[in-house]
Amino acid sequence: MPHRLIFVPASLSEGLLIRGENEIEDRRRVDFVLLHEVGHIVAKDYFRPTGSSDYVPVSWFEELLATYVGYAYLHAHDPTWAAASRHDWQRVVDGFTPRKVSLDWTFMLDLPPDELARTYGWYQMLLNLRVAELHDEHGLDLLRRLRRELPWAESDQWTTESILPLVERAAPGFRAWADALPTRYRARE
C-alpha cells in the first residue's frame, strides 16, 4: 500500500470551518474530521485499490464515501456521539443556506475564501446528515453494493449526472433527495 498523507485539524481554535456552540461540539467535530479523513484512505483501498487516482472527480461523492466510512465507525463504537453529532450537523444546516445549492460543487472554486469556508462546511454537514440517513437505512451493505455495482474502472470519467443514476440503483431515493436540494434549501443569490 502506498503511503498517504492526511491533514487533520489539531487545534480547536484554528481547525474548524464552523464552530459549535461549545467546546464539546467543537471536539466532536475535530474528532469526526479525523474519522472522515481516514475514511478517504479506506475508501480508496476498498473501492479503487488499483486505481491511479486517490480520489474520484465528483467531489460530493468522494466526500460521501469518506463520511460514510467515518460515520459507520462512529455509529458502531459510540452511538451517543453519533446522535449528538447529527443534532449538531442539523443545526448548522438549518442555520445557513449557501448562495448556491447543487451537488455540482465546481461553483465553489470561484468563491472568496471566507464564503468558501462557510459554504464548504455547510455542504459537508449536509452530506454528514445524508450519510447518517443512508446508514440508518442500509448499514454497511450500501458500501458493499456501491463496490459491487459501480463501474470503478471508469471512475476517473464520472460526473454528477453520470453517477447519480448509479447511486440511485444502490440507494433508491438518493436521486430524489439530490433533485430536491435546491427547493428544500432555497439558495440565496
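Can you list residue pairs whose Cβ atoms sit under 7 Å apart, with the first residue in segment 108-124 being touching a residue at least 24 places away in the same chain (Cβ under 8 Å) and the second being of a type in the set (Phe, Trp, Tyr) and surrounded by fewer than 16 Cβ atoms within 10 Å (Cβ to Cβ)? Count only pairs 6 or more apart in sequence or on different chains.
Close Cβ pairs (under 7 Å, with a partner that is of a type in the set (Phe, Trp, Tyr) and surrounded by fewer than 16 Cβ atoms within 10 Å (Cβ to Cβ)) amount to Arg118/Phe96; Trp122/Phe96.
Give the residues of segment 70-90 that are without any contact (Cβ under 8 Å) to a residue 12 or more places away in the chain and either closer than 14 Å to Leu127 by Cα or surrounded by 14 or more Cβ atoms within 10 Å (Cβ to Cβ) (or both), sorted by residue number.
Hits for segment 70-90 are Asp78, His87.
Given the condition hydroxyl-bearing (Ser, Thr, Tyr) and at pLDDT below 90, answer yes or no: does some residue in segment 59-71 qualify?
Checked against the condition, which is being hydroxyl-bearing (Ser, Thr, Tyr) and at pLDDT below 90, segment 59-71 yields no hits at all.
Can you tell me which residues in segment 103-116 are within 15 Å of the chain's Cα centre (by Cα) and open to solvent by 30 Å² or more (accessible area, probe 1.4 Å)?
Asp104
Given the condition part of a helix (DSSP H, G or I) and touching a Phe, Trp or Tyr at 6+ places or on another chain (Cβ under 6 Å), answer yes or no: does some residue in segment 114-127 qualify?
Checking segment 114-127: at least one residue is part of a helix (DSSP H, G or I) and touching a Phe, Trp or Tyr at 6+ places or on another chain (Cβ under 6 Å).
Within segment 117-128, count every residue that is over 14 Å from the mean Cα position of the chain (by Cα) and buried (at least 18 other Cβ atoms within 10 Å of the Cβ).
Final tally of qualifying residues: 0.
Could you tell me whether any residue of segment 169-188 is of a type in the set (D, E, K, R), open to solvent by 30 Å² or more (accessible area, probe 1.4 Å) and in contact with a Phe, Trp or Tyr (Cβ under 7 Å, 6 or more places away or on another chain)?
No, segment 169-188 contains no residue that is of a type in the set (D, E, K, R), open to solvent by 30 Å² or more (accessible area, probe 1.4 Å) and in contact with a Phe, Trp or Tyr (Cβ under 7 Å, 6 or more places away or on another chain).
Only residues that are out of contact with any Lys or Arg (no Cβ under 7 Å at 6 or more places or on another chain), outside any loop (DSSP other than H, G, I, E, B) and surrounded by 14 or more Cβ atoms within 10 Å (Cβ to Cβ): list them for segment 149-168, please.
Thr160, Ile163, Leu166, Val167
Given the options Glu63, Glu137, Glu133, name the one that is crowded, with 19+ Cβ neighbours inside 10 Å and either without any contact (Cβ under 8 Å) to a residue 40 or more places away in the chain or under 13 Å from the mean Cα position of the chain (by Cα) (or both).
Exactly one of Glu63, Glu137, Glu133 is crowded, with 19+ Cβ neighbours inside 10 Å and either without any contact (Cβ under 8 Å) to a residue 40 or more places away in the chain or under 13 Å from the mean Cα position of the chain (by Cα) (or both), namely Glu63.
For segment 49-59, what are the residues that are within 16 Å of Val167 (Cβ to Cβ) and surrounded by fewer than 19 Cβ atoms within 10 Å (Cβ to Cβ)?
The answer is Pro57, Ser59.
The values are calculated or read from the model by the stated rules, or taken from the named source; none is laboratory data. A quick note: this is a predicted structure, and the numbers were derived from the prediction, not measured. Virtual Cβ from ideal backbone geometry, glycine too; neighbours counted across all protein chains shown. Remember, those area values only see protein heavy atoms, side chains included, never the ligands or the DNA or RNA. Shrake-Rupley method; radii C 1.70, N 1.55, O 1.52, S 1.80 Å.
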